[in-house]
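Below: the structure, in structure tokens.
The values are calculated or read from the model by the stated rules, or taken from the named source; none is laboratory data. All of these numbers come straight from a predicted model, not from anything done at the bench. With ideal geometry, Cβ positions are generated from the backbone for all residues, glycine too; neighbour counts draw on all protein chains shown. Quick note on the areas: whole protein, heavy atoms, side chains included, nothing else; ligands and nucleic acids left out. Shrake-Rupley method; radii C 1.70, N 1.55, O 1.52, S 1.80 Å.
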Amino acid sequence: QKEVEQNSGPLSVPEGAIASLNCTYSDRGSQSFFWYRQYSGKSPELIMSIYSNGDKEDGRFTAQLNKASQYVSLLIRDSQPSDSATYLCAVTTSGTYKYIFGTGTRLKVLA
Amino acid sequence: DAGITQSPRYKITETGRQVTLMCHQTWSHSYMFWYRQDLGHGLRLIYYSAAADITDKGEVPDGYVVSRSKTENFPLTLESATRSQTSVYFCASSPDRNRYTEAFFGQGTRLTVV
């Protein structure tokens with residue numbers, strides 16, 4: 001079992017819709033959770049970080065964390081074609097300082 | 001503010017050759033990381049470092065060597081390149097062990113081994 005799992009997609013949503021991206025992790029000691037966006041041929045850039053159970057909102061983005069169920073999700077409201085990219089989930093665990101990434105979910109927003 | 005830079009951006013090398021990928025950051029971040037990215041595998045950690053002269057293996061360290069004599073530099077060496085090491089390599093850095101801190105990425109090096 002991989003430490004961090006994501007559906008590879010592609011996830012296709014129409015412009016203006018809500019895109020929902022999910023990530024599960026195996027280590028119950030995981031403490032910090034990050035969502036990165038990566039455009040084709042570019043490096044990953046941070047979208048959101050979350051550390052406590054519940055929701056965290058930043059503009060059109062909402063990160064949701066449920067430690068009991070070991071999943072973290074990213075909601076993108078009013079999706080735009082410019083949101084089309086691969087979204088990577090990353091996790092860090094207590095006692096280590098390394099970031100473990102999932103394989104990423106490719107999102108396509110259809111105009 | 002140069003941030004974190006990798007060189008070269010593109011490299012073609014032959015099987016069996018030694019090749020070094022460079023990573024330099026201007027933030028004085030303590031932690032640095034090397035990842036490789038391959039289709040279907042996402043970002044996989046090769047090596048990481050907490051400070052100068054402190055390095056640890058990640059998920060896929062075989063065939064790679066790192067060093068960190070200075071805080072700002074973290075070169076990755078492929079001792080004898082193989083075709084399976086054809087990949088995009090990303091260097092990243094993070095300021096400290098504060099769990100709220102994200103990793104910042106360089107622009108990547110696309111390596112092709114022929």
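The contact residues of segment A:78-111, meaning those that lose at least 30 Å² of 1.4 Å-probe accessible area when all protein chains sit together rather than their chain alone, are A:Tyr97, A:Lys98, A:Tyr99, A:Phe101, A:Thr103.
Each Lys or Arg adds one and each Asp or Glu takes one away; over the other residues whose Cβ falls under 11 Å from the Cβ of A:Ala85, this sums to +2. Near A:Arg60, once Lys and Arg are set to +1 and Asp and Glu to -1 for all other residues with Cβ below 15 Å from its Cβ, the sum equals -3. The modelled label-to-label distance for the pair A:Leu110/A:Ser82, using points 7 Å beyond Cα in the direction of Cβ, is 2.3 nm. The simple Förster model, with R0 at 41 Å and r as the Cβ-Cβ distance, assigns B:Ser67 and A:Tyr39 a FRET efficiency of 0.85. Can you flag which of A:Lys108/B:Lys57; A:Lys56/B:Lys57; A:Lys2/A:Lys98; A:Lys56/B:Lys70; A:Lys2/B:Lys57; B:Lys11/B:Lys57 are past 26 Å Cα-Cα? Too far apart for the 26 Å limit: A:Lys108/B:Lys57; A:Lys56/B:Lys57; A:Lys56/B:Lys70. Rounded to a whole number, what % of the accessible area of chain A do carbon and sulfur atoms account for, probe 1.4 Å? Its accessible area is 44 percent carbon and sulfur atoms. Using the Cβ of B:Gly108 as centre and a radius below 11 Å, the other residues enclosed give a net charge of +4, where K and R count +1 and D and E count -1.
As a calculated quantity, the FRET efficiency between B:Ser7 and A:Ser94 at R0 = 41 Å, using C-beta atoms, amounts to about 0.75. Counting Cβ atoms of other protein chains within 10 Å of each Cβ in B:43-51 and taking the mean gives 3. For chain A, the per residue solvent-accessible surface stands at 46 Å², with DNA, RNA and ligands left out and a 1.4 Å probe. Summing both sides, the accessible surface hidden between A and B at a 1.4 Å probe radius is close to 1900 Å². When the other protein chains are added to the chain by itself, burial of at least 30 square angstrom of heavy-atom accessible area (probe 1.4 Å, ligands and nucleic acids ignored) affects these residues of segment A:1-38: A:Gln31, A:Tyr36, A:Gln38. Along the axis of the charge dipole computed for the protein assembly as shown (Cβ charges of +1 for Lys and Arg, -1 for Asp and Glu, origin at the Cα centre), the listed residues B:Tyr48, B:Ser93, A:Ser94 are led at the positive end by B:Tyr48. Inter-chain Cβ neighbour count for A:60-73, averaged per residue, equals 0 (cutoff 10 Å, partner chain atoms only). For B:Thr26 and B:Val88, the FRET efficiency from 1/(1 + (r/R0)^6), where r spans their Cβ atoms and R0 equals 30 Å, is about 0.85.
To put it simply, the accessible area of chain B at a 1.4 Å probe is 47 percent carbon and sulfur.
Within the listed set A:Leu65, A:Leu46, A:Leu21, the Gaussian network model of chain A (springs between alpha-carbon atoms below 10 Å) gives the highest mean-square fluctuation for A:Leu46.
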